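Data block below; observations after.
Quick note: the coordinates plus some simple rules give every number you see, no bench work behind them. This structure is a prediction, so every number in the text was calculated from the model and none was measured. Here Cβ is always computed from backbone atoms with ideal geometry, including for glycine, and neighbour counts include all displayed protein chains.
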Amino acid sequence: MIKLESCLAQHKNAAWRVYDGEAVVITSDDSTLHTLNPVGTRIWESLDGTRALAVVVRQIVEEYRPLKIILFGVAQVVGAPMHEG
């Protein structure tokens, strides 16, 4: 389980682009395609390996409402390829 104190970063082997506010992430390790909603995209863009997940979530909470949408975005990204930094 990923802890809120973890500093997460985008997977170094993931290629991604944003189209119409939604990220498309492809991992070369397993050739998996991940499509993220706008909240998930914003979270993905924030995962730079220097900030705890809790800080990223707080930032997203300030930008988006309601909380249910944010939690869905977090769950979507945590399932996307990344590594703990």
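Points to keep in mind about this one:
- The stretch 40-62 and the stretch 1-31: distance between their alpha carbon centers, rounded to Å: 12 Å
- In loop segments of the stretch 7-65 as defined by DSSP, the trypsin sites (Lys or Arg not before Pro) with at most 12 further C-beta atoms inside 10 Å of their C-beta are LYS12.
- J(HN,Hα) series, the stretch 14-31, from Karplus relation 6.51 cos²θ - 1.76 cosθ + 1.60, nearest Hz, glycine and proline x: 9, 9, 8, 8, 10, 10, 6, x, 10, 7, 10, 10, 10, 9, 6, 4, 10, 6
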